[in-house]
Structure formats: C-alpha cells, structure tokens
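**Q** Take this structure, written in structure tokens, and hold onto it; I'll ask about it next.
The values are calculated or read from the model by the stated rules, or taken from the named source; none is laboratory data. Predicted model only: the values in this text are computed from it and were never measured. Cβ placement follows ideal geometry from the backbone for every residue including glycine, while neighbour counts extend to all protein chains displayed. Note: areas computed on protein heavy atoms with side chains; ligands, DNA, RNA excluded. Shrake-Rupley method; radii C 1.70, N 1.55, O 1.52, S 1.80 Å.
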Amino acid sequence: MVSVLLPTVEWGPVCEQLTAQLDGDDELLVVCDTESDPVADSDPPDGVRVLVAGEPEGCSGKANALAYGMERATCDRFLWTDDDFDHGEGWLQQVKRLAGEHGVVTGVPVFVGEGWWRLAEPLVAVSGSLGLYLGGQVWGGCVTFTRDDVDVERLVADLRRTVSDDGLLSARLDDVTAVRALTEQIRVDGDVDAVRQRLVRFTQTVRFEETSSTAALVGSFLLLALATLLWPLPVGAATTALTAGTYSFFGVRRSTFLLTAPGLLLAPLAVGYGLLVPEFEWGGRRYRWRDVYDVTVLE
C-alpha cells in the first residue's frame, strides 16, 4: 500500500496514468493550492482524493502541498511525484517493487531544453543528475519512503517553512538508493529569464540545504573555468567526455554535451549570481529565500 502525493493544479494525463495504476489499498492524493484551481472541480474516481492545501505562507507552493498531503495520507509508505513527466504503464508497480528491494528509492531527473538552457544543461546533468545519483540525494519528483524512515510531524512542519522539498528530504533520509531505471528527462523552458530563475533556485537549494557542498561547487567551477581558459583543448576534451559519458549512462541522446566547455566558462558567473540573488520565480509565485527556514512569498 502506498500514498501517492501529486501536487498539481489541473487534472491532466499524469492523474489519469496514476489512477489507472493504483492497486488494492493504494491511494492517490492530488493536491492543489486553491478552490479556483481547475482540478478542484474534478470528480475523482475511487482511490483518488483531491485536496486543497491553501495559499503558502512562508514556504513554496509545492512544499505546502506536500505538507498538506502528508497530513492526510493514510498508508505507511509515501511516494512523492510530479506532473511534468510521463508515468507510463507499470511505472507505479516498478517503484513499489524497487522500494520492496531497496527501501528508500529515488529516481533521477535530467533537465533538458532548448534556447539558453542548452548552455546550462551539460553542467546541471553532471553536477545535478550524476551528483544526485552518486551522493545519496533525493529527487522530489520520484521518491518513496515510509513513516519509519522519517519524523513525519517534523518533516511536515519544516516543509511549511522552506522552499526545496528535495533538499529538505535529502537531509532527513538515510540509505537512499537512486535507480537509473527511474531516470526521467524533464523538459524545461529555454527562455533567458526562465533559465535565470531556475539556476538561482538550484543554486540557493545547494547553498541552504547542502551547505557542505557550496564551497566545493563554487571552487570546482572556478577552477574548471580557469583550467578551460589556460588549457582549452585537453580540459575541454576531458570535461566534454565526462558529460558525454553522463548522458550515455542516463540514456540521454542529445548533442548538447558538446557545449560543456562554453558552459564551464559561464558557470562561475551563473553560480555567483545565484548565490547573491535571494529572489526567484517558481510555479507562478515569486519568493525571497534568505535562509533555509526564512522564506517570504512575494506578491
């Protein structure tokens, strides 16, 4: 039995896919923000509940939705997921089977897109996707755990005062198994402002939720950028080969790995900007994030 938590504002294909895969006493909790969200008016089938979490105060909309859903989930096992990738036939059964084998299980996101995102994509794949896979982190778009794995009451309280569900949960779970078979390619907007907002949020998440990694992240990008300027051919070839290997490992077939070296030259500027700017937009809201538990939802 598993309680599937899906924050979303409309009844879309993922709702249909997950509903069709529910088994026995499984439940799907579709969590939206307000009564005005389209999904709030839907008539869900058996095993599905539509919950209205309310507007977030001092946290992100997604964190608020997950906190509300966790309080109302009835099963001993939770599964957090998102609505921005395909949950094909057998997806839920596969996650449950892997959870039975490994306990705490997470998938791996690879963020792909066009436009300006093409420059950021290779570095996010290596530092983010590969780093998550090797580093015991979790992805909130596909992670399953039980009540015995976390202090649920504390987790719910802390979700209501932070931004990143991924970062918060990563700090609370031990022995996380990232499964390559659960790799998902997430399409993102390549518009310059959308890329800027996403990189600020990603950088701030590393800063606040993974503080031990911040200095290493900044230092490594600075050193690699300097090395790329001093020895462009060997460093460019080596880093491009690493990215190509990462793409191959996760089954990503895109030519953007060839932009690894140009991306490295811009990485220190992007990371520096992300560390200095506390405001960003996400999911239609603007946030000011000053510390892990210091979040202001802006108009």
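**Q** Of all residues in region 138-195, count the ones that are under 23 Å from GLN93 (Cβ atoms) and of a type in the set (Val, Ile, Thr).
**A** The number of residues fulfilling the criteria is 9.
**Q** Restricting attention to region 1-41, report how many residues are open to solvent by 20 Å² or more (accessible area, probe 1.4 Å), aliphatic (A, V, I, L, M) and within 13 Å of HIS87 (Cβ to Cβ).
**A** 2
**Q** Pick from region 252-296 the residues that are of a type in the set (Gly, Ala, Ser) and touching a Ser or Thr at 6+ places or on another chain (Cβ under 6 Å): which of them is most open to solvent (accessible area, probe 1.4 Å)? Break it down into steps so the answer makes sense when it comes.
**A** Taking region 252-296 as the starting set, the residues that turn out to be of a type in the set (Gly, Ala, Ser) are 255, 261, 263, 267, 270, 272, 274, 283-284.
Of the ones still in play, those that are also touching a Ser or Thr at 6+ places or on another chain (Cβ under 6 Å) are 261, 274.
Working: ALA261: 24, GLY274: 0 Å².
So, considering only residues that are of a type in the set (Gly, Ala, Ser) and touching a Ser or Thr at 6+ places or on another chain (Cβ under 6 Å), the one most open to solvent (accessible area, probe 1.4 Å) is ALA261.
**Q** Residue by residue through region 49-69, note down the ones that are in contact with a Cys (Cβ under 9 Å, 6 or more places away or on another chain) and open to solvent by 10 Å² or more (accessible area, probe 1.4 Å). Show your work before the answer.
**A** Step one: of region 49-69, the residues in contact with a Cys (Cβ under 9 Å, 6 or more places away or on another chain) are 50-53, 65, 67.
Once the filter is applied, which keeps residues that are in contact with a Cys (Cβ under 9 Å, 6 or more places away or on another chain) and open to solvent by 10 Å² or more (accessible area, probe 1.4 Å), region 49-69 yields VAL50, LEU51, VAL52, ALA53.
Okay, residues lined up against (1) open to solvent by less than 40 Å² (accessible area, probe 1.4 Å); (2) more than 18 Å from ARG253 (Cβ to Cβ); (3) at pLDDT 95 or above:
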residue: GLU114; (1), (2), (3): no, no, yes
residue: GLY135; (1), (2), (3): no, yes, no
residue: VAL143; (1), (2), (3): yes, yes, yes
residue: ALA157; (1), (2), (3): no, yes, yes
residue: SER170; (1), (2), (3): yes, yes, no
residue: GLU184; (1), (2), (3): yes, no, yes
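**Q** Still on this structure, I have one more. Within region 241-263, how many residues turn out to be touching a residue at least 60 places away in the same chain (Cβ under 8 Å) and within 19 Å of LEU134 (Cα to Cα)?
**A** Qualifying residue count for the region: 8.
**Q** To continue, here is another question. Does ARG72 count as surrounded by fewer than 17 Cβ atoms within 10 Å (Cβ to Cβ) and within 13 Å of LEU28 (Cβ to Cβ)? Before the answer, list the steps.
**A** Details: surrounded by fewer than 17 Cβ atoms within 10 Å (Cβ to Cβ): yes; within 13 Å of LEU28 (Cβ to Cβ): yes.
Criteria met by ARG72.
**Q** Something else about it: Residues PRO56, PRO44: which one is more than 23 Å from ASP149 (Cβ to Cβ), part of a loop (DSSP other than H, G, I, E, B), modelled with pLDDT under 95 and in contact with a strand residue (DSSP E or B) (Cβ under 9 Å, 6 or more places away or on another chain)?
**A** Numbers: PRO56 fails: modelled with pLDDT under 95.
That would be PRO44, the only listed residue that is more than 23 Å from ASP149 (Cβ to Cβ), part of a loop (DSSP other than H, G, I, E, B), modelled with pLDDT under 95 and in contact with a strand residue (DSSP E or B) (Cβ under 9 Å, 6 or more places away or on another chain).
**Q** Another question, if that's okay. Provide a single number: the residues in region 83-112 that are open to solvent by 10 Å² or more (accessible area, probe 1.4 Å), assigned to a helix (DSSP H, G or I) and either hydrophobic (A, V, I, L, M, F, W, C) or in contact with a helix residue (DSSP H, G or I) (Cβ under 7 Å, 6 or more places away or on another chain) (or both).
**A** 3
**Q** Scan region 247-290 for residues that are under 19 Å from the mean Cα position of the chain (by Cα) and among the β-branched types (Val, Ile, Thr) and jot them down.
**A** Of everything in region 247-290, those that are under 19 Å from the mean Cα position of the chain (by Cα) and among the β-branched types (Val, Ile, Thr) turn out to be VAL252, VAL271.
**Q** With (1) under 21 Å from GLY245 (Cα atoms); (2) part of a strand (DSSP E or B); (3) open to solvent by less than 30 Å² (accessible area, probe 1.4 Å) as the list, and ALA125 as the residue in question, which single condition is left unmet?
**A** The one condition ALA125 does not meet is (2).
**Q** Oh, and also: Which one of these is more than 26 Å from PHE257 (Cβ to Cβ), polar (S, T, N, Q) and in contact (Cβ under 8 Å) with a residue 40 or more places away in the chain: THR183, THR177?
**A** Details: THR183 fails: more than 26 Å from PHE257 (Cβ to Cβ).
Every option except THR177 fails the conditions.
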